[in-house]
């Protein structure tokens, strides 16, 4: 009960802070200065920072990958330093992550390269579900705010800073629990899900039986399931402001 109360309190605070983050994002995107924006800081280098993120293997199981970012003096490029192939959607998420992180932090990276390194056994990394994690990673690197290593997340990063829906949440939570994660951030509205459960009914007709197979909807509370089975607290987040408030120290 105490832990749940602590999480609820943290979410309420995060929600208030996130409104400021998104307001700054909108103001910066529109090119207006209404007093809330801080001065822009020029940055051409920052040490390597790493975040762990959940992924799904080809056979549908949860896995953990490492994503690192380093800021180096360069030519305004976003680069992928990895032997693993990265798909177009993953790369677009990286670009969106850099744009939003620099906007919110008021950091100017012109004259610098942002270099991502992916560490995984997979041959290809694709999809947008690490977008929130990459945004948090870049923000951490350019502001020197440490990432809470007991927190992990899944969710896309949208152009307006909101966190978009993803799939295979419970598989990711299970993988996260195996590396000591205690709090897992998921997109708003995804803790309650409906699945179709296979049912069978035997129909008897004189000398023979017929097995009738059908499916019924069943609502699952992933938050309850995660805490009961894996000891992981699920927290819904609506936007990157909430994510940063909960994931950074």
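Just so you know, all these numbers are worked out from the coordinates, no wet-lab data involved. Keep in mind it's a predicted model, so treat the numbers as computed, not measured. Neighbour counts are summed over all protein chains in view; Cβ atoms, including those assigned to glycine, are modelled from backbone coordinates with ideal geometry.
Here are a few things to note about the model shown:
- Theoretical FRET efficiency, 1/(1+(r/R0)^6), r = Cβ-Cβ of residue 66 and residue 216, R0 41 Å, to 0.05: 0.50
- Each of 134, 170 has some number of other Cβ atoms within 10 Å of its Cβ, and from fewest to most they run 170, 134.
- Once the Cβ-Cβ distance of residue 197 and residue 228 is raised to the sixth power relative to R0 = 22 Å, the FRET efficiency obtained is 0.75.
- Theoretical FRET efficiency, 1/(1+(r/R0)^6), r = Cβ-Cβ of residue 76 and residue 119, R0 25 Å, to 0.05: 0.50
- Length gained on full extension, residue 205 to residue 86, computed as 0.36 nm times the residue gap minus the Cα-Cα distance: 37.1 nm.
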